[in-house]
């Protein structure tokens, strides 16, 4: 599998790849992620829909420090991921 899944659930952003499920606190007003504009080895530019705005806004997520804090080697973990897809419940 060469893609990961980005979603949000119960106030958390969820990044899934293979058997890994990485959760981190999402902004309080996040309703959903609507699109991935760019994937660059752990750095995401996404469009996100927030309660306070009728249109999606550009948002940035850097997974490298999150992975490092979890003692996961970013270079190894991120290398096989070619794409990130959005999944909404």
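The values are calculated or read from the model by the stated rules, or taken from the named source; none is laboratory data. Here the structure is a predicted model, which is why all the values come from computation and not from measurement. Neighbour counts are summed over all protein chains in view; Cβ atoms, including those assigned to glycine, are modelled from backbone coordinates with ideal geometry.
Summary of computed values
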item	result
Residues located in region 10-44, provided they are at positive phi and free of Cβ contacts under 8 Å to residues at least 12 places away in the same chain	10
Qualifying residues in region 63-89 (those that are exposed (fewer than 15 other Cβ atoms within 10 Å of the Cβ), in contact (Cβ under 8 Å) with a residue 60 or more places away in the chain and over 13 Å from the mean Cα position of the chain (by Cα)) - the one farthest from residue 5 (Cα to Cα)	80
Those residues of region 33-58 which are more than 22 Å from residue 11 (Cβ to Cβ), touching a helix residue (DSSP H, G or I) at 6+ places or on another chain (Cβ under 9 Å) and surrounded by 13 or more Cβ atoms within 10 Å (Cβ to Cβ), in sequence order	42, 43
Set 60, 71: member being assigned to a strand (DSSP E or B) and at pLDDT 95 or above	60
